Amino acid sequence: MKYIIDFDSTFTQVEALDELVRISLKDHPDKERIVKEIESLTNAAMEGRLSFSESLEKRVKLLHANKKHLAQLVRVLKKKVSQSFSRNSNFFKKHNKEVYIVSGGFKEFITPVVAPYHILPENIFANTFLFDYDGNIVGYDKDNPLSEEGGKVKLLRQLNWKEDIYVIGDGYSDFQLKEAGIVKKFYAFTENIERAAVAEKADHITPSFDEFLYVNKLPMAISYPKNRIKCLVLGDVPLETIEILKTEGYSIRQKRVPEVDDKYLKDMGILIAAGGEKLTAKWLEKANRLKVIGYLGNSKGMVDHEACARRGIVIFDDKRNNRYNIQFIPKRVIDFVNTGSTGFSVNFPDIQLFELAGAHRFIHIHENKPGIMAKINEVFARHQINILAQYLKTNEHIGYVITDVNEEYDKKVINDLKKIPHTVKFRMLY
């Protein structure tokens, strides 16, 4: 198996040449016009409206860049690695022999950016710049197939790999590999930009690298892709709140209560509600997968705190209608989803946590009955699982247990934990 990953707008959040021209023309009076021209040429090539070779030649002529600018660019790009690639760095470490970067970009900036992710230098295929005596970029190696139209297809035909190949990218040149019958599947990567002309031709649209790993049953940093977590926004929730949730990668739908169909209600994992929205028990009973409610106001009398707690649904609200709640509430919700922290919850025992590297975190919510903690630990002991840390808090109705374990464990433990009597909800975070 081989995994081909594009660089610009895939491995990184941005197009490198677009960033390079912003650096090289920092004080140029015509900077904005040239930047827009390069961006236009980039998009035309990525969407298949202009040949890649023509686009590349025109963009390089507009750069006015030097080797010193490349050093600055690398510093920028290292901070712009796509979030889902960054959090799955362990995948690259374990599979570095199977991962390849194939890009119409340039090795001079690609190699130092991907190096911290254990991607082998010999697995990087990209263009190379030509420099004059003073280090100015004066062109590129036109004998490199990646400088040509259909260059990725030409390169892979030369390599003549026999294994199954999966390609992940955002551009038309990535789709061409599928069109030519060279790769098994093409995954349109849309975490940073979605090009409709490309996405409609893909075998699968992957809004994050987590999604790619999930559908292919490969090891991933989190247990479930964030793009698959459905987040319902009810009422007049401020745009800033919604943007925070979108940036985290959740699938957002904004509705009024009567407009929400039962199927979506059943599948949603997060609910964000504007102050004044009444959430009836009958309505919430249909939300079988709901984990957390973020209420932008005082939820007392608007949401049944006790009923939600009994069903394992955490509520965060703002009794004082603080003007900062448009940021505070979504951040508490995100922290709960990512780490299991329930600090500032109005209906759950208060446990504040941080993410633990090199471990898995299990969340077990149960009715507050005697002996359940012993049963949980009996399951771990029976499966010979090493517990790194464990946290327990209870209130009148429920017990909330978080257990961090070492990386290796028998998958059967999950079913055994779910089968413990009086279990309300179980979740594996990462």
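The values are calculated or read from the model by the stated rules, or taken from the named source; none is laboratory data. Fair warning: this is a prediction, and the values are worked out from it, not measured in the lab. Because the Cβ atoms are built from the backbone with ideal geometry, glycine has one as well, and the counts that use them run over all protein chains shown.
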So Val198 clears everything in (1) touching a residue at least 40 places away in the same chain (Cβ under 8 Å); (2) outside the structural domain of Val153 (by TED's automatic domain parsing); (3) among the aliphatic types (A, V, I, L, M) except one condition, right? Which one?
(2)
So, first residue of a type in the set (D, E, K, R) in segment 69-85, second residue buried (at least 23 other Cβ atoms within 10 Å of the Cβ) and not in a helix (DSSP H, G or I), Cβ within less than 6 Å, six or more apart or across chains; the pairs are Lys80/Thr12
Are any of the residues in segment 15-27 closer than 30 Å to Asn216 by Cα and within 31 Å of the chain's Cα centre (by Cα)?
yes
Among the residues of segment 27-37, are any within 22 Å of Val198 (Cα to Cα) and of a type outside the set (Lys, Arg)?
yes
Tell me which of these Glu306 doesn't satisfy, since it passes every other one: (1) over 30 Å from the mean Cα position of the chain (by Cα); (2) surrounded by 22 or more Cβ atoms within 10 Å (Cβ to Cβ).
(2)
Can you find a residue that is of a type in the set (Ser, Thr, Tyr), on the phi < 0 side of the Ramachandran plot and at pLDDT below 85 anywhere in segment 55-71?
yes
Residue by residue through segment 361-389, note down the ones that are assigned to a strand (DSSP E or B) and buried (at least 20 other Cβ atoms within 10 Å of the Cβ).
Arg361, Phe362, Ile363, His364, Ile365, His366
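Are any residues in segment 4-18 in contact (Cβ under 8 Å) with a residue 60 or more places away in the chain, under 23 Å from Pro207 (Cβ atoms) and either surrounded by fewer than 23 Cβ atoms within 10 Å (Cβ to Cβ) or not hydroxyl-bearing (Ser, Thr, Tyr) (or both), and if so, which ones?
From segment 4-18, those in contact (Cβ under 8 Å) with a residue 60 or more places away in the chain are 4-14, 16-17; that's our starting set.
Subsequent filtering for residues that are under 23 Å from Pro207 (Cβ atoms) retains 4-14, 16.
Of everything in segment 4-18, those that are in contact (Cβ under 8 Å) with a residue 60 or more places away in the chain, under 23 Å from Pro207 (Cβ atoms) and either surrounded by fewer than 23 Cβ atoms within 10 Å (Cβ to Cβ) or not hydroxyl-bearing (Ser, Thr, Tyr) (or both) turn out to be Ile4, Ile5, Asp6, Phe7, Asp8, Phe11, Gln13, Val14, Ala16.
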List the number of the failed condition for Asp262; all other conditions in (1) modelled with pLDDT of 90 or more; (2) over 22 Å from the mean Cα position of the chain (by Cα) hold.
(1)
Entirely in segment 73-169, the helices (runs of 4 or more DSSP H) that have 3 or more residues that are surrounded by 14 or more Cβ atoms within 10 Å (Cβ to Cβ) and of a type in the set (A, V, I, L, M):
107-114, 151-159
One residue is enough: does segment 361-384 have a residue meeting the conditions under 32 Å from the mean Cα position of the chain (by Cα) and small (Gly, Ala, Ser)?
no
Result of the Cβ filter at 8 Å on segment 259-278, keeping first residues that are farther than 12 Å from Lys230 by Cα and partners that are part of a helix (DSSP H, G or I), at least 6 apart or interchain, is Glu277/Val257; Lys278/Val257
Screening Ile244, Ile229 for residues that are in contact (Cβ under 8 Å) with a residue 60 or more places away in the chain, in contact with a helix residue (DSSP H, G or I) (Cβ under 6 Å, 6 or more places away or on another chain) and more than 20 Å from Lys319 (Cβ to Cβ) leaves only Ile244
Out of all the residues in segment 209-224, which are crowded, with 21+ Cβ neighbours inside 10 Å, out of contact with any Pro (no Cβ under 6 Å at 6 or more places or on another chain) and modelled with pLDDT of 90 or more?
Phe209, Phe212
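Only residues that are part of a loop (DSSP other than H, G, I, E, B) and either surrounded by fewer than 20 Cβ atoms within 10 Å (Cβ to Cβ) or under 26 Å from the mean Cα position of the chain (by Cα) (or both): list them for segment 280-303, please. Can you show your working first?
Taking segment 280-303 first, the residues part of a loop (DSSP other than H, G, I, E, B) are 280, 285-291, 297-299, 301-302.
If the condition is that a residue be part of a loop (DSSP other than H, G, I, E, B) and either surrounded by fewer than 20 Cβ atoms within 10 Å (Cβ to Cβ) or under 26 Å from the mean Cα position of the chain (by Cα) (or both), then Thr280, Glu285, Lys286, Ala287, Asn288, Arg289, Leu290, Lys291, Asn298, Gly301, Met302 are the ones that fit.
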I want to confirm something. Restricting to segment 125-165 and keeping residues that are under 32 Å from the mean Cα position of the chain (by Cα) and of a type in the set (Ser, Thr, Tyr), which single residue is nearest to Glu54 (Cα to Cα)?
Ser147
